[in-house]
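The values are calculated or read from the model by the stated rules, or taken from the named source; none is laboratory data. Quantities reported herein were computed from a predicted structural model and do not represent experimental measurements. Note: ideal-geometry Cβ built from the backbone for every residue, glycine included; neighbour counts use all protein chains shown.
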Amino acid sequence: MQRFAAAVSALTASMAASMAAGSALAQDNAVRAAADAFGERAGIEQLGLYSEGQVRGFDLQNSGAYRIDDAYFVRASPLNDPVLAGVSVRVGVNAARLPYPAPSGVVNYRLRTPSERNQLSLGFGMRDYETPTFEANGSWRAEDDRLSLAGGLVVRPTVRWPAGSEGEAVDLGLVGRFRLGESQRLTAFATVYERGYDGDYGLKAVGTILPPSVQPLRHYAARGSRVEATSFNTGLLYNLALGGWTVDASAFRSIWDARESDFTLLKVDGAGNVSASAMLAPRKTNISDSGELRLSRVFARGAFNHLVSASLRMRRSTVDLTSTHAVALPDFTLAGPTPVKPDVAWRGTRGEDRVDQTTASLGYGLSWNDRLQLRLGVHRTRYEKTVESVAGPVTRGQDETTLYNASVIWSPTPRTSLFASWVTGLEETGSAPQSATNAFEVLAPVEAEQRELGVRQSLGDLTLIAALFEVSKPTTGFRADGSFGLVGEVAHRGVEASLAGSLGEKTSVVLGGVAFEAEVSGELVDAGVVGAEAAGISTVVLNGNIERQLGAGWSLDAQVTYNNERWVDSANTLRAPAQTTLNIGARRRFELGGRPAQFRVLASNVTDEAGYWGSPNGLIWPIAPRTIRASLTITFGG
């Protein structure tokens with residue numbers, strides 16, 4: 001942590017000297033920021049049916065589904081809060097106009113913009129599980145408005161996470177915006193998240209019943225374990241308007257660097273008996289570089305506007321591979337003491353997984369008097385993957401394919417819009433595991449496909465969005481001969497709905513629901529090796545949020561979320577039960593010493609639900625126990 005002390009000091013001094021700006025803490029309000037119920041994050045507040053990692057039951061990491069201010073981004077680690085204004089999940093009608101959509105949806109990170117006045121906001125408080133926190137946020141504008149800065153710093157000298165782990169964390173970032181002329185803009189950002197704590201662990205259910213609940217905030221990693229990791233993201237975004245044409249260019253680098261990453265795997269039976277292994281690993285670094293160049297122009301012809309665009313997107317992702325070194329630990333129980341990590345150094349071999357991908361796109365859009373909007377796109381992509389396996393052999397794979405997208409929005413009335421879309425996308429499948437007869441063989445990427453049909457209806461100050469969708473793609477698994485590869489198809493078919501907006505001047509609501517079938521088909525299902533339903537996902541999710549403005553600057557808010565039961569294993573023999581969680585909060589805006597201030601308190605999992613979540617990787621995760629967070633923010637300057 002010492003190596004970041006200078007950077008922390010410099011950023012704090014810079015913001016204080018310039019009275020830098022507008023607290024993210026004061027503005028973090030996911031209910032008000034959300035345009036729909038499909039997923040919104042503002043600071044540490046999160047609501048909606050979907051998250052940055054999973055949409056409509058699918059993992060987004062392999063689907064090319066991330067954007068920064070709508071620019072193509074391939075991440076090795078997520079963006080940090082100090083540079084973010086918010087994060088939105090775009091599906092349905094809100095994804096129909098994207099120049100490069102992806103099956104399942106797109107996650108868009110929105111960078112901070114400076115406030116109108118130079119300000120500095122300082123926040124003090126307690127995050128989850130009595131984690132003390134200091135936060136500074138702000139921005140600064142030059143007098144000629146050619147340069148502006150916005151950024152933040154979060155220091156948690158002692159962090160307590162829901163799984164019971166404890167450590168420390170520093171999170172900082174800065175966004176610079178430069179006006180290079182009347183028609184040119186440049187945005188640059190950098191963000192670093194440094195953390196260290198006492199190891200990770202995961203649980204795997206053994207037998208026909210789930211284990212008893214873990215002890216709240218009890219850490220089950222082997223004693224003496226350690227995780228030390230840094231996430232780093234930086235990038236440039238350039239915009240030029242010239243002679244009716246618009247040029248957008250971007251370049252990003254994303255790094256995840258784990259200097260230590262001790263992990264304890266716990267196999268637990270229904271009585272709470274544990275058979276554990278310490279999974280040792282050396283330092284590993286993942287790096288992802290991505291860039292985009294897009295040229296577009298709108299031609300107006302009477303009542304019609306025609307958009308034409310051409311773009312080139314490139315990425316290189318490099319992932320460190322290491323052989324697994326598992327050390328058996330003494331057996332214990334969930335109620336007993338956790339074993340000590342053995343004093344054994346990792347020994348094994350290294351490898352590398354590298355992906356290079358280039359995509360050239362042409363797009364066309366048509367709009368007619370706010371009544372009709374049409375988008376068409378064709379994308380030619382070249383995908384190359386090289387795996388230098390931990391066993392020694394080097395394997396390579398190459399694929400070239402053409403992808404398409406089409407969407408239409410028709411508005412028969414100013415209040416009603418009907419929409420339909422079709423999207424295909426290329427997704428990674430990795431390489432065969434070490435236990436397969438074709439170990440480390442590079443697997444070809446697969447083509448995913450999405451179809452949807454829906455409606456958006458304005459209901460005064462409320463907006464209703466509803467859609468039918470189907471997302472399908474090939475799936476991998478072990479074949480009868482012991483090889484690993486494509487063995488079937490997975491398809492999620494369902495309906496989703498969102499109702500968001502205001503009930504009068506003082507009440508804001510965001511309500512949503514999704515229900516779908518997660519069907520798995522193919523030779524593994526036919527052979528009875530796996531079940532016909534996907535594991536680790538809830539196929540019914542309901543989420544409701546409300547905020548009510550009261551007198552004297554007070555407001556109250558509540559969020560309730562329901563997830564139905566999940567299959568714990570791919571064979572569909574064991575389920576984790578359904579869960580309903582309730583969060584209740586309050587905030588007050590007032591003046592303190594003549595300066596704007598805000599007090600925020602939020603209680604999560606108020607009813608203290610316990611148990612486990614199932615996950616697609618076969619592990620189960622304890623439900624986060626009840627907690628309360630509280631903070632006070634004061635704004636200076638302006």
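Applying the selection to region 395-430, what residues are among the β-branched types (V, I, T) and modelled with pLDDT of 90 or more? Correct list: T401, T402, V408, I409, T413, T416, V423, T424. Right, G164: of a type outside the set (S, T, N, Q), in a loop (DSSP other than H, G, I, E, B) and over 28 Å from V74 (Cβ atoms) or not? Criteria met by G164. Taking the criterion of being within 24 Å of the chain's Cα centre (by Cα) and at pLDDT 95 or above, would at least one residue in region 587-599 satisfy it? Checked region 587-599: no residue is within 24 Å of the chain's Cα centre (by Cα) and at pLDDT 95 or above.
Total residues in region 587-605 satisfying the condition of being touching a Ser or Thr at 6+ places or on another chain (Cβ under 8 Å), of a type in the set (A, V, I, L, M) and surrounded by 17 or more Cβ atoms within 10 Å (Cβ to Cβ): the figure is 1.
Going by what's in this entry, would G536 be described as part of a strand (DSSP E or B), more than 29 Å from G397 (Cα to Cα), within 22 Å of the chain's Cα centre (by Cα) and touching a residue at least 12 places away in the same chain (Cβ under 8 Å)? So G536 fails the test. Taking each residue of region 346-357 that is in a strand (DSSP E or B) and modelled with pLDDT of 90 or more and looking for partners that are surrounded by fewer than 16 Cβ atoms within 10 Å (Cβ to Cβ) and of a type in the set (A, V, I, L, M) with beta-carbon atoms closer than 9 Å, six or more apart or interchain, yields G351/A391; G351/V394.
Restricting attention to region 33-72, the residues that are of a type in the set (A, V, I, L, M) and over 30 Å from S631 (Cα atoms) add up to 4. Quick one: is T349 β-branched (V, I, T) and over 30 Å from G224 (Cβ atoms)? No; evaluated as a whole, the condition is false for this residue. Evaluated against (1) at positive phi; (2) part of a strand (DSSP E or B), N572 falls short on exactly one condition, (2). Based on what the data block shows, is A527 surrounded by fewer than 15 Cβ atoms within 10 Å (Cβ to Cβ), more than 22 Å from N605 (Cα to Cα) and touching a residue at least 12 places away in the same chain (Cβ under 8 Å)? Yes, satisfied. Out of all the residues in region 419-432, is one or more of a type in the set (A, V, I, L, M, F, W, C), farther than 22 Å from A65 by Cα and free of Cβ contacts under 8 Å to residues at least 12 places away in the same chain? No, region 419-432 contains no residue that is of a type in the set (A, V, I, L, M, F, W, C), farther than 22 Å from A65 by Cα and free of Cβ contacts under 8 Å to residues at least 12 places away in the same chain. Can you find, within region 383-415, the residue that is farthest from the chain's Cα centre (by Cα) among those that are surrounded by fewer than 15 Cβ atoms within 10 Å (Cβ to Cβ) and of a type in the set (K, R)? Once the filter is applied, the top-ranked residue is R415.
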